[in-house]
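See below for the structure under consideration.
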């Protein structure tokens, strides 16, 4: 069992919960980037502190160029969105 | 003393004898000997038979690169095949047998393969055994006929059938600097890094650290190289920040400077100490790595180059100087480079006679000539060996004139007597790890070798692996790389030991093959000849990767350590391109074979983790048959003597319906959901509403996945305004927890909610049956448990024999039922108290089978029905889908295809022929058992229902809701079951739920 | 009230075991604290939670990830951002902390039954633990008092270094018996004593 669990692509925007925009939901649930190069990924430290991390990893070289707590990154982001008057 | 032992050289301890056996014959050697050195010293030249042609083979190298001398070690009932004799340290009682010979090594019937040479040429298997059948003797059918004979004749060692009883373990290590290879460069690097205060690990695959310094006869820092090694090791061992790992092969270079190594801890001992493993698998995370892995000498390819007695020059040097063994009494050196003259000179000093030196170059440097005359050898320049003679041991060679530029031989052959032919075709840096963690290796046309590539990870190469061959240069590189790896800018040369600069030309002549008549082997281990390589080219295999797979060159246990570069050079010559354009294969882990045991290590056998409930020991002591659910152990039944499983669970389930039963539900996932936004969070993840739940009440909840399919169910209890206890199914507990954590971290980072797994905090016992309340009344204090105080889905707190308990009235069996939770440490005590209180009411402990039966009778779904393809509506759980709020899955759950006709819907199934139903059986409409077709669904959960006195099941059936009351058939051809069934409501028993409210 | 049962009871064999040629390399014990409590802060209220832990236990936690402090009968250490494990040999710690930490500040979760506390003490403690965990147990990487959350295969473990050669491990109760067996097995080569 691995200490870290891959939890998918980072930075995806969940549509407004009340939204009925099918295309937006389809994109959120099914579409994933699969770049050859820099990729923002979510990894959970499942065998440890349980936090999710946003990891920027190069899929060609496996070099990790940045790591941040997802919760902090997410809060900063949603604060930004609120700032623009969007609903969080 | 054997005639092959030198007078006094070597690291062996001549004062002690070690006895061992090889192919049933007894031999002796000394501590410090390998099997190869001990057998050579005893005059043994024949070590094994070759892979395809069963040619006699001797020992070619003195180390990990050995392709020929592979043996099988017998230990107890176990057998460990394919161990290089060159790496096997002898111990008293060591029992070894040779491989790939029948009936014996000296007389081998398979050697006739050698006569049928063409038969086994490159691509033999593909050509002969694949493809269409032409007549009786071709194609796959022919393969089936021949397989037994070929598998017996061709191959390496045979694995044993006995379980491996050896112990293995894994270790994690962290260091600032890992130095791989403890030759002069590695020792120097380790010391330089250690002096900077860094944590250093120095690993070497050999028993004795020191590498080439153990046999180079050089002077370092004014002393014998071996003494310098001893002082360096003494210095390193005295430091707290250094760990020395001899007998440790670093075999894999993975991401983020994580390296894998195998330590052979007790392979050299007759019996390990208590607790000592056979192998230890190291995972080393290193800040930086110094690769000082040295270089491997490569052979020349010429006819008869595989005869026992043909040996790499440096290997013979090593046997003489390090092990005190002469590989032969009358030796000839065949070389394309200067360095090999040093080997000849070392052998001469050790007492061997070097009769002749055959050099493919027509001009030889003065320094090399001096060495030749030092050995008293006749020098034949511009010549090459074109044939060898002898049966199981070399007796002579034939030499002809050779033009190194055109690669052609000419003139008459001259025959020379020799029992040992030292061969050197130059050196190949051991860049395997560098290749694993680097770009493509680059070709150096001077050294005629691939040098380490540009690093893609944090490593530096030092010494021979980096192409440095003079000891002075090797030491300087060691010092510099050690400091660099330690992050030091120190440039002071003070610590650099003195060593003479080498006058010999490091560059070999670009000669890899002597083309003449006869089989000339490139890959000795897989019997791939130079002609096979050319044949592969003619048949269109021009890529090195294809060449490798078609001819199998470079495969097998030695991974082509001696054959890759010659093979590529021959390919390049055939293609007519320079070697660098033909390319090189990328090396992958492992560098050398790794025991599977060391990788499995502590996950094996009794150390596999078992997850036990607080009442586990009670269950076992009271006759439970335990059943695994993931890691959990749960009681399946508490069988009475002579009972079948079905009889036991039917009895247990009946006891519940008739009176009262108790079941361990501690395995249910339990998650503490705490925080000011806990209720809001639950509203978002459950399909139904939890913010309206009163404190002290529980509610059944359903979760969907984002894509709208059903995910998991369970009850959640509101213990306080901001505190909930969520339960999940046993199997989904981990997944649900992870999913909820994902939601909080990623989807709703603003919610103030904490999640904590409290599964293990609480022991849970479910008490079910019409008399359940009476049992509680008999033992619970501090609270009433009557219907008013504890209504359906109510929660109370009280005590049972002084232990605080939380009791929730909820039911999955359809009976009046309660879940009683207490601190896990009190679980057994509370359970026993409940059993005692229940005795009067005929309480019965029941297991998973009865639990399943009770819930199937009530039509409650679980993992078999919530299978990732069903929706809430399919499962009749529409009533749980709130219309007042969005929740996870609400946007996707009703899209096209998720509703409407054609869905598989939950139904009940009753067996009409009185026979059991099987999970996974199809439901069909056709009544013809011979041609069952057009499945309309499948059976998910089955039981014998004591309440209905029938075999029943739940099933998912196409448009099942519309089929209630109709007949169909179960079809289960695999288990030969066909029979009529009726499709009914999944609420088999007490559909109005009267019993629940007792 | 009856004493809580230890999950290790059937496999707990006091005495010296394994290769004792160099003495017992480690001493293994179950410390059985009566209180194991997790305290978690909301973002921004970490200091308030640390202050509450100090008020309840007298332990002054450093401000920072993985930091911790260990006293004779009490200990506290960080196991995740804003999350701490607080341990007391005496009962009542959960109530103490709950009275000082309201829902607006953080949450308090009782784990006294749910985690088994195992102590590995002795000159070979780092060596034995290195066989089980991919953690750098060097004194600089993991100073006395500090903690780490990690796993050995399926067994999650929260580990606090409570001395130069001493580590306290908190593992899930249901897996602790298996883990104890694995731990003893790993300690055989250096010899161990169970107390």
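Each reported figure results from applying straightforward, stated rules to the coordinates on display, with no laboratory input. Only a predicted model underlies this, so the values are computations on that prediction, with no experimental measurement involved. Here Cβ is always computed from backbone atoms with ideal geometry, including for glycine, and neighbour counts include all displayed protein chains.
Taking Cα pairs under 8 Å and at least six residues apart, what relative contact order does segment B:667-722 come out at, in percent?
Rounded, it is 31 percent for segment B:667-722.
Take the Cα pairs of the protein assembly as shown, get the Kirkwood Rh, then feed it into Stokes-Einstein at 4 °C and 1.567 mPa s and tell me D in µm²/s.
Details: Rh = 35.4 Å.
D, rounded to a whole number, is 37 µm²/s.
Using alpha carbons only, how many angstrom separate the centre of segment B:910-958 from the centre of segment B:355-417?
84
Going by average Cβ density within 10 Å per residue, which order do the peptides B:947-954, B:398-405 take, highest to lowest?
Highest mean packing first, the order is B:947-954, B:398-405.
With 10 Å bins from zero, work out the P(r) of segment A:1-49 over every alpha carbon pair and list the percent per bin.
Pairs per bin, as whole percents: 23, 37, 31, 9.
How much mean residue ellipticity at 222 nm does chain B get from its helices, if each DSSP H run of length 4 or more adds -39500 (n - 2.57) and you divide by all residues, to the nearest 500 deg cm²/dmol?
Values: 22 runs with 212 residues, N = 998.
Helix-only estimate at 222 nm: -6000 deg cm²/dmol.
Counting only other chains, what is the mean number of Cβ atoms within 10 angstrom of the Cβ of each residue in peptide C:3-15?
The shielding value for this peptide is 3.
For q = 0.08, 0.11 Å⁻¹, what log10 I(q)/I(0) does chain B give under the Debye formula with an equal point scatterer on each alpha carbon and no solvent?
-0.90, -1.18
Of the peptides B:459-469, B:513-523, C:98-108, how do they stack up when ordered by the mean number of other Cβ atoms within 10 Å, highest first? Numbers along the way, then the final one.
Numbers: B:459-469: 25.5, B:513-523: 21.2, C:98-108: 19.6.
Taking the mean over residues of other Cβ atoms within 10 Å, the ranking is B:459-469, B:513-523, C:98-108.
Roughly what angle does helix C:46-57 make with the longest principal axis of chain C, taking Cα atoms, 0 to 90 degrees, to the nearest 10?
The angle comes out near 70 degrees.
Counting alpha carbon pairs within less than 8 Å and at least 6 residues apart, what relative contact order, in whole percent, applies to chain B? List each step's numbers first, then the result.
Values: 2405 pairs, mean separation 87.1, N = 998.
Relative contact order here is 9 percent.
Averaged over peptide B:735-746, how many Cβ atoms belonging to another chain are found within 10 Å of each residue's Cβ?
So the per-residue partner count for this stretch is 5.
At 222 nm, what helix-only mean residue ellipticity would chain C give, in deg cm²/dmol to the nearest 500, using -39500 (n - 2.57) for each DSSP H run of four or more? Each step should come with its number before you reach the end.
Numbers: 4 runs with 41 residues, N = 195.
The per-residue figure over chain C is -6000 deg cm²/dmol.
Please list B:505-512, B:936-943, C:87-94, B:420-427 highest first by mean number of surrounding beta-carbon atoms within 10 Å per residue.
Packing order, densest peptide first, comes out as B:420-427, B:936-943, B:505-512, C:87-94.
Can you give the log10 of the normalised intensity I(q)/I(0) at q = 0.13, 0.25 Å⁻¹, computed with Debye over equal Cα scatterers of segment B:669-757?
Evaluating at q = 0.13, 0.25 Å⁻¹ gives log10 I(q)/I(0) of -0.35, -1.47.
Could you give the angle, 0 to 90 degrees to the nearest 10, between helix B:733-742's Cα long axis and the longest principal axis of the Cα atoms of chain B?
80
Could you please state, rounded to a whole Å, how far the C-alpha centre of segment B:251-308 is from the C-alpha centre of segment B:605-642?
43
Relative to the longest principal axis of chain B, what angle (0 to 90°, nearest 10) does the C-alpha long axis of helix B:848-858 take?
Around 50 degrees separate the two axes.
Which distance in Å, rounded to a whole number, links the C-alpha centroids of segment C:69-130 and segment B:495-529?
The two parts, judged by their Cα centres, are 63 Å apart.
Could you tell me what percent of the DSSP beta bridges with both partners in the protein assembly as shown are antiparallel, to the nearest 5?
Within the protein assembly as shown, antiparallel bridges account for around 80 percent of the total.
Counting just the Cα atoms, what span does segment B:247-316 cover along each of its three principal axes? Round to the nearest Å and put the largest first.
Projected onto the principal axes, the Cα atoms of segment B:247-316 cover 48, 37, 16 Å.
Kirkwood-based Rg over Rh for segment B:544-667 (C-alpha set), two decimals? Mind showing how you got there, number by number?
Numbers: Rg = 30.3 Å, Rh = 20.5 Å.
Result for segment B:544-667 is an Rg/Rh of 1.48.
Over all residues in B:760-766, what is the mean tally of Cβ atoms on other chains that come within 10 Å of each residue's Cβ?
Per-residue shielding by partner chains comes out at 4.
Using R₀ = 25 Å, calculate the FRET efficiency as 1/(1 + (r/R₀)^6) where r is the Cβ-Cβ separation of residue B:270 and residue B:28; round to 0.05.
0.95
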